[in-house]
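Readers should treat all values here as calculations from the given coordinates under stated rules, not as data from a laboratory. Quantities reported herein were computed from a predicted structural model and do not represent experimental measurements. Glycine also receives a Cβ, built like all others from the backbone with ideal geometry; neighbour counts cover every protein chain displayed.
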Amino acid sequence: MLDVSILEQKAKEIRIDVIKSLKEAGSGHLGASLGLADIFTVLYFYELHHKAGVSDWHARDRLILSIGHAAPVLYVSLAHSGYFHPDELKTLRKLGSRLQGHPALCYKLPGVETTSGSLGHGLSIAVGMAISMIIDKTSHKVYCILGDGELQEGSVWEAAMSAAHYKLDNLVAIVDRNEVQIDGNTSEVMDIENLEEKWLGFGWDVLECNGNDIADIIKSFNIAREKTKPVVIIAHTKMGKGVPEIEGNYKWHGKVPNSKQAEKFIDAIINT
Amino acid sequence: MFTNKGNTATKIGFREGLVEIASENKNVLGLGADITSSVGMDLFAKKFPERFFSFGIAEQNIAAVAAGMALSDKIPFFSTYGVFATLRCADQIRISICYNNVPVKIGGAHAGISVGPDGATHQALEDISIMRTLPNMTVLSPCDANQTKIATIASVKQVNGPCYIRFGRAEFPNFTDENLEFIVGKGQVLKKGSDVSIIATGHMVWEALEAAKFLKNKSINAQVINIHTIKPIDKELIIEAAKKTGAIVTAEEHQIYGGLGSAVAEILSQYYPVPMRIVGMPDCFGESGKPNELMNKYGLTAKNIVQNVMDLVHPL
């Protein structure tokens, strides 16, 4: 029996290291990394078939972080999984670091599958990988994390159309539905609703979950794995989740805490 | 000297080269963008249906899908008209293909103004400029159908990373053969000369050879160099040509800004400045017309090369 509380504790540790690394970096995006911490915990410590020591293992599942600005939560998850020593998290965004501001393949950080940071590419890359797996007759999967604001990019829907066309049952997309983007609420900046109907209309199966509830996320992945066509999980999250004073506040999309704030934020995470 | 073995569209070379390299290398995939036969991918699709994937009219998707396949140890080719292949999905090429530095091969069809009656929307005249500014990208611009076939094969065998291959639709002289050694990054001296070097690419290479014949009657001994690789460009050969002949005329079926002429000028201005002229598409859009009418109107003929050479070698 899976002990959800162990994963909840892991998600707290990931949030704390996200805050520490961003404080150290002095710039970056806190909101999405905190909001996605539960999903990343489930992915790296439950869902993904991967081997930290063998990052080029041919039969691994692929995780594509299409929203490259959430790089900190990816880096922290990789470090906690054993891909590299957590000390390296302190180099985030610094000159010569393998932890670039947005993930970059050429710096050869183990566990990074692709460069990302320009929105609207990730789902297409995931489609290319999913088709390659079918050519190679392998049974692993591709997971792609999209932002909800990112769905405003037309190329995402080109990719969605092609995934359904090729009936890619080895592709799972996760939409980080936190309802905010840099300019404000997605409903005001450019409304993306009705999201469920959109994905259904493009030929996908749609699941919804509370993206900040470990048990609910696990439930969705368990269902998604059995689907016979591409499936999207619309994961309702809160930007900045874990730190009540910034939760849901779009102003924390591209902000980082100073030392004092970081201390306060970490206390808040420990005490919840 | 070279003789024309019959006018052929350079896209035929891409068509045949793609099938040949795919027969040798099972990782080669083909991605279609609705105009499969028009860009010369139909033969591949017919011979290797299990390796051909249709993506419809969606260039941004096709470019990043190709990147995903290349990240999975495949060697995907996607081809569409050069205008769309380079500009509609420029960001995907920059980030997902070039920054990832993966072996995606892009066929830029309908290059140059010789596309003809379709008009300016379909005439790729900025593609070299866009592609050569991207780090990790190799840019090939072969001179005839035979060389386009060789270049297509070389884009897999000689280039590990991203590669753009430029080719056209209209029929132009086919004059090279497999005995002409093709090394990516190395220019080819097709005719030796001492008075001026004509450095050309694509369809303009034949025009350069014709210009050299005409100049011989004027007692001007012109050297003709084919630059089939715009990037990485053969810097040594270009400097050597400047030192030997003291004057350079470049010729390309592409905008004068950012293409072969610019690449040559970047080298000469820094390392060995000599008088130079750039023959290319003036800073404007094309229009509908027959290929030869357009080449004439926009100054892309042997005659225009001759005029520019005379301007340098026999100044008034």
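Values for this structure:
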{"item": "Rounded to 5, the percent of DSSP beta bridges in region A:95-221 classed as antiparallel", "result": "25"}
{"item": "Aspartates and glutamates with Cα under 15 Å of B:Lys192, excluding same-chain neighbours fewer than 8 positions away", "result": "B:Glu210, B:Glu240"}
{"item": "Descending principal axes extents, the protein assembly as shown, alpha-carbon based, whole Å", "result": "91, 50, 45"}
{"item": "Chain B: angle of helix B:204-217 to the longest principal axis, Cα-based, in degrees nearest 10", "result": "20"}
{"item": "Gyration tensor (alpha-carbon) shape descriptor, region B:7-173, a/c threshold 1.5", "result": "rounded"}
{"item": "Subset of B:Lys216/B:Lys290; B:Lys218/B:Lys303; A:Lys23/A:Lys238 violating a 23 Å alpha-carbon distance limit", "result": "B:Lys216/B:Lys290"}
{"item": "Members of B:Lys11/B:Lys47; B:Lys157/B:Lys186; A:Lys141/A:Lys198; B:Lys11/B:Lys244; B:Lys26/B:Lys231 lying beyond 25 Å, as alpha-carbon distances in this model show", "result": "B:Lys11/B:Lys244; B:Lys26/B:Lys231"}
{"item": "Per-residue Cβ neighbour rank within 10 angstrom, fewest leading, B:Met1, B:Met276", "result": "B:Met1, B:Met276"}
{"item": "Projected area, mean over directions - chain B, Cα convex hull, nm²", "result": "14.7"}
{"item": "For chain A, calculated [θ]222 nm from helices alone, where every DSSP H run of n ≥ 4 adds -39500 (n - 2.57)", "result": "-11500 deg cm²/dmol"}
{"item": "Helical mean residue ellipticity (222 nm; -39500 (n - 2.57) per DSSP H run of 4+; nearest 500) of chain B", "result": "-10500 deg cm²/dmol"}
{"item": "Of the DSSP H helices in chain A, those whose Cα atoms cover at least 27 Å axially and whose Kyte score averages 0.0 or more", "result": "none"}
{"item": "Region A:4-270: radius of gyration and largest Cα-Cα distance (Dmax), Å", "result": "17.2, 52"}
{"item": "Cβ-based exposure ranking for A:Ile19, A:Ile134, in which fewest neighbours within 10 Å come first", "result": "A:Ile134, A:Ile19"}
{"item": "Considering only region B:7-173, percent of DSSP beta bridges that pair antiparallel, nearest 5", "result": "10"}
{"item": "Antiparallel content of DSSP bridges confined to region B:114-262, in %, to 5", "result": "30"}
{"item": "Residue order, fewest to most beta carbons within 10 Å, for B:Cys143, B:Cys284, A:Cys209", "result": "B:Cys284, A:Cys209, B:Cys143"}
{"item": "Degrees separating the helix B:145-157 axis from the principal Cα axis of chain B, which is the longest one", "result": "60"}
{"item": "Tilt relative to chain B, helix B:302-313 - C-alpha long axis, 0 to 90 degrees, to 10", "result": "50"}
{"item": "Amide H contacts of B:Ser79 (H built 1.01 Å from N, under 5 Å, at least 5 apart or other chain)", "result": "B:Leu31, B:Ala33, B:Gly107"}
{"item": "Mean shadow area of region B:188-313, taken as a quarter of the surface of its Cα convex hull (nm²)", "result": "7.0"}
{"item": "Test item: A:156-163 mean partner chain Cβ contacts at 10 Å", "result": "5"}
